[in-house]
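Here is the structure we will look at, set down as structure tokens.
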Amino acid sequence: MVSKGSDQPNTRLVDLELQQISKRFGNLEVISGLSLDVYKGELCCLLGPSGCGKTTTLKIIAGFLEPDTGTVSLAGREITRLPPQRRNVGMVFQNYALFPHLNVFDNVAYGLRRRKWPKDKIKPQVAETLRLVRLSGYEERRIHELSGGQQQRIALARALIIEPKLLLLDEPLSNLDARLRADMRDEIRRIQRTLDITTVYVTHDQEEAMSIADRIVVMNSGLIEQIGSPRKIYEQPATQFVADFIGRVNFLRGQIAEGAFQLLGKRFPTSQNKWPEGTEFVCAIRPERVRMEEANPSLLCATVQDATYFGPVVRYRVVLDSDGTELSIEVPSPQAVHEPGERIGLDLQFEDMHLFRYSGNRKWGK
Ligand code: ATP
């Protein structure tokens, strides 16, 4: 099998396959013809704003919801109508969903007991799984005696002990503080790689997705906007939505005139133009791609409004002299020498711009 709409080589084995999935709740179409291939051993993040259909998609994969149309296949076998307990899928939820009245051992052993494993096999399997999540020796602890991070490790152990073919994680780190989130993120990645388990991870946090995913599926209103590696999604956004949702970006409006891109009173001649004369477009440019120079008549002139220090970078807000357009610029701190009130020149390079036809949406290109 080969993949649909991805930047991966065709040689990788597709493990999970969603084909033309749609789902309605009443009049609301929450998922609209979604197709996705996830490769064997890959960690794929579903990323998008609240309400875009991430959890619904995950529930369809897990079998808690049936799609109205479309199919779900795992390892080449269609499982669309198979009940969750027969899919061999491990699931971890945001709220851990542990049994508070059971100790760690019984929580982790739960899936094996349901599958009627013999007692003498359960003990070593629990010990092995607790070792994997680095909680050996915690068997007798009660759930309320564990920290949030430890509870999430137990939830992970409980999902993994059945040796699932597929691991599904729904916002697993949302209840943890920032430091612990970063640690647990690395921990999930380590375990996922150790087991080489195909994983679908739902998050609305782009930093989390960027740091953990092999590929990110950016969703918007029940549709896929783009599938790609974190780098591809950041550096080559396929749509304005993706450019806006992932990282910081400046949007500028321009027009095709005399066969060239005209932007902020400058002309960018290029052979890449395929749009007719008069086409309005939006240019997206990342703050770190706008170069600040000494003011000079050949450059766009602007005035620094303010500078905010973030440690590794300084973020400037500058306003163009010509039409008052505001831009955000990020400069590595050691090179950030400009002060508020200073006049500067801006150097915009065509190769740093992402160009989209102007759709009439003023949010993306005023
Ligand atoms: P979040 O990041 O906030 O969890 P999400 O992307 O996971 O959002 P979903 O939980 O998939 O979004 O929900 C998508 C849409 O479907 C939302 O508008 C939600 O209100 C609606 N929805 C989800 N489940 C049901 C349900 N059982 N009945 C009716 N509407 C639902």
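In the structure displayed, which of Lys59/Lys165; Lys123/Lys165; Lys40/Lys165; Lys23/Lys59 lie more than 19 Å apart, Cα to Cα?
Lys123/Lys165
What residues qualify as long-range amide H neighbours of Asn220, i.e. H under 5 Å apart, gap of 5 or more or another chain, H built at 1.01 Å from N?
Answer set, sorted by chain and number: Glu225.
Using 0.36 nm per residue, how much length does the chain from Phe25 to Arg77 gain when fully extended, once their Cα-Cα distance is taken away?
Gain in length upon complete extension: 16.0 nm.
Mind putting a number on the dipole of the stretch 242-292 about its Cα centre? Charges go on the C-beta only, +1 for Lys and Arg and -1 for Asp and Glu, and I need it in Debye to the nearest 20.
On the way: 8 positive and 5 negative charges, 51 e Å.
The dipole of the stretch 242-292 has a size of about 240 debye.
Could you tell me which residue out of Leu65, Phe25, Gly345 lies farthest along the dipole of the chain toward its positive end? Charges go on the beta carbon: Lys and Arg +1, Asp and Glu -1, centred on the Cα centre.
Of the candidates, Leu65 comes out farthest on the positive side.
Please label the shape of the stretch 250-357 as rounded, prolate or oblate, based on the square roots a ≥ b ≥ c of the eigenvalues of the alpha-carbon gyration tensor (a/c under 1.5 means rounded; beyond that, a/b larger than b/c means prolate, else oblate). Mind showing how you got there, number by number?
Details: a/c = 2.42, a/b = 1.93, b/c = 1.25.
Prolate, since a/c reaches 1.5 and a/b exceeds b/c.
Could you give me the ³J(HN,Hα) list for the stretch 266-278, computed from phi with Karplus coefficients 6.51, -1.76, 1.60 and θ = phi - 60°, whole Hz, x at Gly and Pro?
Calculated HN-Hα couplings, in order: 10, 10, 10, x, 7, 7, 7, 6, 10, 8, x, 3, x Hz.
Using only protein heavy atoms and a 1.4 Å probe, report how much of His101 is accessible, in Å² to the nearest 10.
Taking all protein chains as shown, His101 has close to 120 Å².
Mind grabbing the accessible area of Lys59 for me, 1.4 Å probe, Å², rounded to tens?
For Lys59, solvent-accessible area is about 80 Å².
Counting Lys +1, Arg +1, Asp -1, Glu -1, what net charge surrounds Pro276 among other residues with beta carbon under 15 Å of its beta carbon?
Taking every other residue near Pro276 into account, the sum is -1.
From the Cα gyration tensor of the chain, with a ≥ b ≥ c the square roots of its eigenvalues, which class applies: rounded if a/c is under 1.5, or else prolate if a/b is larger than b/c, or else oblate? All intermediate terms of the calculation are to be shown ahead of the outcome.
On the way: a/c = 2.99, a/b = 1.84, b/c = 1.63.
Judged from the Cα gyration tensor, the chain comes out prolate (a/c at least 1.5, a/b above b/c).
Round to the nearest 0.05 the FRET efficiency obtained for Asp106 and Glu235 when R0 = 45 Å and r is the Cβ-Cβ distance. Could the numbers behind the result be given before it?
Details: r = 48 Å, r/R0 = 1.06.
My answer for the efficiency is 0.40.
Under 11 Å from the Cβ of Glu163, count the other residues' Cβ atoms, weight Lys and Arg +1, Asp and Glu -1, and hand me the total. Could the numbers behind the result be given before it?
Numbers: positive: Arg115, Lys165; negative: Glu128.
Result for the neighbourhood of Glu163: +1.
So if I place +1 on the C-beta of Lys and Arg and -1 on the C-beta of Asp and Glu, and nothing else carries charge, what would the dipole magnitude of the stretch 117-274 be about its Cα centre? I want it in debye, nearest 20. Before the final figure, lay out the partial values.
Values: 24 positive and 21 negative charges, 57 e Å.
Its charge dipole is roughly 280 debye.
How much accessible surface area, in Å² rounded to 10, belongs to the heavy atoms of Cys283 with a 1.4 Å probe?
Cys283 exposes around 0 Å² with every protein chain in place.
Students often forget the sequence filter, so: which aspartates and glutamates lie under 13 Å Cα-Cα from Lys232 once same-chain residues fewer than 8 apart are removed?
By straight Cα distance, Lys232 reaches Asp7, Asp214.
5 Å is the cut-off here: which amide hydrogens, built 1.01 Å from N in the peptide plane, fall below it relative to Glu342, excluding neighbours closer than 5 in sequence?
Those qualifying (amide H under 5 Å, at least 5 residues apart or on another chain) are Val304.
When a/c is below 1.5 the answer is rounded, else prolate if a/b is larger than b/c, else oblate, so apply that to the stretch 165-219 with a ≥ b ≥ c taken from the square roots of the Cα gyration tensor eigenvalues.
oblate
Under 5 Å between amide hydrogens, which residues at least 5 positions from Val92 or on another chain qualify, with H placed 1.01 Å from N in the peptide plane?
Residues meeting the amide H criterion: Leu168, Leu169, Asp170.
Apply the Karplus parameterisation 6.51 cos²θ - 1.76 cosθ + 1.60, with θ equal to phi minus 60°, to every residue of the stretch 294-309 and state each ³J(HN,Hα) to the nearest whole Hz, in sequence, with x for glycine and proline.
Rounded to whole hertz, the list is 5, 4, 6, x, 7, 10, 6, 9, 8, 10, 6, 8, 8, 9, 10, 8.
Using the Cα centre as the reference, give the magnitude of the dipole from point charges on the C-beta atoms of the stretch 250-357 (Lys, Arg: +1; Asp, Glu: -1; all else neutral), rounded to the nearest 20 debye.
Result for the stretch 250-357 is approximately 320 debye, rounded to the nearest 20.
Count the DSSP beta bridges whose two residues both fall in the chain, then state the antiparallel fraction as a percent rounded to the nearest 5.
Within the chain, antiparallel bridges account for around 75 percent of the total.
What list of ³J(HN,Hα) couplings, whole Hz, do you get for the stretch 164-173 from phi and the Karplus terms 6.51, -1.76, 1.60, once you set θ to phi - 60° and write x for glycine and proline?
After applying 6.51 cos²θ - 1.76 cosθ + 1.60, I find x, 7, 9, 10, 10, 10, 10, 6, x, 10 Hz.
Looking at Gln335, Leu156, Leu223, which one has the Cα that reaches farthest to the positive end of the dipole of the chain (charges on Cβ: Lys, Arg +1; Asp, Glu -1)?
Looking along the dipole axis, the top candidate is Leu156.
The values are calculated or read from the model by the stated rules, or taken from the named source; none is laboratory data. Computed from a predicted model, the values in this text were never measured in an experiment. We place every Cβ from the backbone using ideal geometry, glycine too, and count neighbours over all the protein chains shown. For accessibility, only protein heavy atoms count, side chains too; no ligands or nucleic acids. Shrake-Rupley method; radii C 1.70, N 1.55, O 1.52, S 1.80 Å.
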